[in-house]
1. Checking the condition within 26 Å of Cys573 (Cβ to Cβ) and among the aromatic types (Phe, Trp, Tyr), which residue from Tyr536, Tyr489 passes?
2. Can you go through Val408, Val420, Val391, Val402 and tell me which one is surrounded by 18 or more Cβ atoms within 10 Å (Cβ to Cβ), of a type in the set (A, V, I, L, M), touching a Lys or Arg at 6+ places or on another chain (Cβ under 7 Å) and modelled with pLDDT under 95?
3. What number of residues within region 451-468 are in a helix (DSSP H, G or I) and surrounded by 15 or more Cβ atoms within 10 Å (Cβ to Cβ)?
4. Just checking, does region 343-351 include any residue being in contact with a strand residue (DSSP E or B) (Cβ under 9 Å, 6 or more places away or on another chain) and touching a residue at least 12 places away in the same chain (Cβ under 8 Å)?
5. Might you let me know whether region 70-88 holds any residue that is without any contact (Cβ under 8 Å) to a residue 40 or more places away in the chain, more than 23 Å from the chain's Cα centre (by Cα) and surrounded by 14 or more Cβ atoms within 10 Å (Cβ to Cβ)?
6. Give the number of residues within region 290-314 that are closer than 26 Å to Thr38 by Cα and either touching a strand residue (DSSP E or B) at 6+ places or on another chain (Cβ under 8 Å) or buried (at least 21 other Cβ atoms within 10 Å of the Cβ) (or both).
7. May I ask you to list the residues in region 581-591 that are open to solvent by less than 20 Å² (accessible area, probe 1.4 Å) and aliphatic (A, V, I, L, M)?
8. Please tell me if Pro385 is of a type outside the set (Lys, Arg), in contact with a Cys (Cβ under 7 Å, 6 or more places away or on another chain) and surrounded by 24 or more Cβ atoms within 10 Å (Cβ to Cβ).
Amino acid sequence: MRLNLSSQIVLNKVPEEFYRPKTAVDRSEITRMEKIPTDIYPKLEEAVKAVATAVVDEIKQKQSEGEFCVLGLGTGTSLTPIYEELIRLHKKEGVSFKNVIVFNAYEYFPLTKNAPQSAIKQLHERFLDHVDIDQQNIFSPDGTIEQESVQQYCRLYEQRISSFGGIDLMLLGIGRMGNIATNEPGSSLNSPSRIILIDATSREEMTRSFGSSEPVPPCSITMGISTILSARKIFLTAWGEEKAEIIQKTVEGTITDQIPASFLQTHNNARVITDLDAASRLTRIVHPWLVTSLNWSDKLVRSALVWLCQKTGKPILKLTNKDYNENGLSELLALYGSAYNANIKIFNDLQHTITGWPGGKPNADDTHRPERAKPFPKRVIIFSPHPDDDVISMGGTLQRLVSQGHEVHVAYETSGNIAVGDEEVSRFMLFVDGFDQIFGDGKNEKLSKKSEEIKKFIAAKKEGDLDSRDILNIKGLIRRGEARTASIYNKIPLERVHFLDLPFYESGKIEKLPMSEKDVAIVQKFISEVKPHQIYVAGDLADPHGTHRKCTDAVLAAIDEEKKAGAKWLKDCRIWMYHGAWAEWEIENIEMCVPMSPEELRAKRNSILKHQSQMESAPFLGNDERLFWQRAEDRNRSTAKLYDDLGLACYEAMEAFVEYKPL
């Protein structure tokens with residue numbers, strides 16, 4: 001069973017020569033904007049194996065020379081799959097780590113003895129405890145020492161590194177702010193190992209790395225930039241589109257202390273390893289016409305013309321031959337004969353993505369429409385990772401599908417229970433107590449006892465404590481109620497509202513269990529019963545907590561299993577991917593765009609507001625101070641403005657979709 005099909009979603013169908021050039025000459029041409037050697041892999045699994053193999057080769061080389069191999073290791077989530085592969089190589093292929101010395105890149109400060117939020121503890125759990133490394137060969141900063149001793153301790157830590165001849169290979173992830181280890185923006189090139197205050201964004205990432213809501217200590221003892229750069233070889237890893245912007249700045253931008261990872265540009269043996277998603281903003285991927293000659297596909301032409309419009313500030317139909325020539329797109333003039341021919345081709349392509357009939361318009365010529373006219377009406381499944389993603393991501397489209405007569409089913413894949421604040425539970429418990437007093441005369445002893453237990457638990461709960469199963473169940477009920485209320489508002493019959501409660505989510509922590517065949521089986525059973533003509537699924541795979549990707553992987557794996565089984569319904573089913581509150585599709589990738597009037601946008605807002613627990617008090621709003629309905633409206637209005645700027649129809653707002661074709 002293929003459980004990671006989302007990793008193979010490459011929207012632009014990036015030609016292999018852009019990420020895997022065949023010759024050194026080709027590589028030097030397409031990487032001319034890159035200041036750190038960068039290896040891009042189409043799949044995470046390939047990248048992980050490449051890094052793990054390089055680490056093992058380094059270890060074996062030192063073994064053959066009878067020497068220790070000194071590794072500097074970080075503990076970010078991007079390194080976890082590499083550690084898993086190293087463990088596999090140890091257990092399955094006999095790779096030994098007996099000659100390995102490990103220096104931990106950072107440790108939180110201050111820590112108490114046996115503190116759960118310990119970087120070295122995390123490194124042990126994810127890697128060191130599973131291989132044959134000698135415990136005496138593992139070194140880490142000590143987060144429990146007195147603050148006045150930290151400076152002296154850091155000097156001794158660096159002396160210890162030097163006593164082993166320095167670090168042979170440094171393995172690091174990169175934070176969203178460009179931090180390496182915990183060298184935050186502002187760290188200097190010459191900074192040594194030291195104590196540093198952790199930025200709020202980094203603390204949020206680290207909290208997710210630990211997989212709990214327990215707060216990360218405010219400071220860290222970290223290897224400095226100069227310490228890291230003294231390593232003979234450095235690998236910097238990044239996966240997923242949420243790292244794309246910082247990777248572009250690190251690899252192609254200027255060296256600046258505001259992006260500490262950019263200092264790797266000064267190292268003579270540093271290498272960045274990414275998957276295609278994390279590399280998606282590098283010039284050779286997003287604007288390849290600036291670095292090499294191309295075999296122009298329709299999507300590349302569309303991407304180039306949208307870029308040219310944005311650069312010149314012109315709509316598509318006003319672009320001239322001069323605009324093309326002055327901005328490196330003369331190849332397109334040769335290909336199309338004139339600017340006008342290219343302009344009208346892409347203008348029509350974009351115009352054909354716009355439809356007010358997301359389920360297809362009956363009795364209409366659908367030659368240039370995104371969706372088929374027949375069958376009509378269609379059976380539609382909207383998969384929603386959390387109980388509000390449906391209305392946040394495609395609330396306007398959902399309402400159109402319903403109003404146009406389609407049989408719409410909404411499948412909420414997880415309970416979303418960890419995203420409910422304790423005060424919501426307290427509020428509902430007061431309601432339960434009042435309900436019992438009015439309609440049960442307060443005589444339901446079992447209910448009263450459970451109510452008291454829950455109130456005492458919440459009163460005694462400390463920051464970082466995990467919820468009891470009772471609390472999680474109540475929080476799940478709250479979100480189910482909100483989802484049903486929103487569905488009723490959108491005129492979806494409750495018998496078409498489904499709660500799948502996928503098992504991977506029910507860890508009670510931010511970090512979820514691995515998505516497994518059990519999750520896929522639940523989804524597969526559901527879709528085989530409905531036999532939909534349309535499926536809508538989350539395509540925003542960089543959501544902050546990873547749930548969307550796992551949910552999408554479960555759906556794609558279920559579709560894949562149905563395809564293997566020869567399901568006839570699948571031949572007449574289209575799968576559309578939507579984006580949520582966090583980002584929008586690039587316009588060159590959009591294949592269906594559904595406009596909304598001011599009234600429809602207001603109705604979408606109202607359906608989002610039915611999810612009251614996710615308003616001001618929701619635990620995971622992030623650093624963005626806008627509420628979910630505000631983010632959604634801003635995103636939808638921005639999409640409409642982009643179409644307007646390109647000279648197409650002007651709407652209040654638009655929701656965009658990309659088709660997924662089963663592999």
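The values are calculated or read from the model by the stated rules, or taken from the named source; none is laboratory data. Computed from a predicted structure; not experimentally measured. Counting neighbours? That spans all protein chains shown, and the Cβs are built from the backbone with ideal geometry, glycine included. Remember, those area values only see protein heavy atoms, side chains included, never the ligands or the DNA or RNA. Shrake-Rupley method; radii C 1.70, N 1.55, O 1.52, S 1.80 Å.
1. Tyr536
2. Values: Val408 fails: modelled with pLDDT under 95; Val391 fails: modelled with pLDDT under 95; Val402 fails: modelled with pLDDT under 95.
Selected residue: Val420, the only one of Val408, Val420, Val391, Val402 that is surrounded by 18 or more Cβ atoms within 10 Å (Cβ to Cβ), of a type in the set (A, V, I, L, M), touching a Lys or Arg at 6+ places or on another chain (Cβ under 7 Å) and modelled with pLDDT under 95.
3. Final tally of qualifying residues: 5.
4. Yes, region 343-351 contains a residue that is in contact with a strand residue (DSSP E or B) (Cβ under 9 Å, 6 or more places away or on another chain) and touching a residue at least 12 places away in the same chain (Cβ under 8 Å).
5. Yes: one or more hits.
6. Count: 3.
7. The answer is Ala581, Ile587, Ile590.
8. On the way: of a type outside the set (Lys, Arg): yes; in contact with a Cys (Cβ under 7 Å, 6 or more places away or on another chain): yes; surrounded by 24 or more Cβ atoms within 10 Å (Cβ to Cβ): yes.
Answer is yes for this residue.
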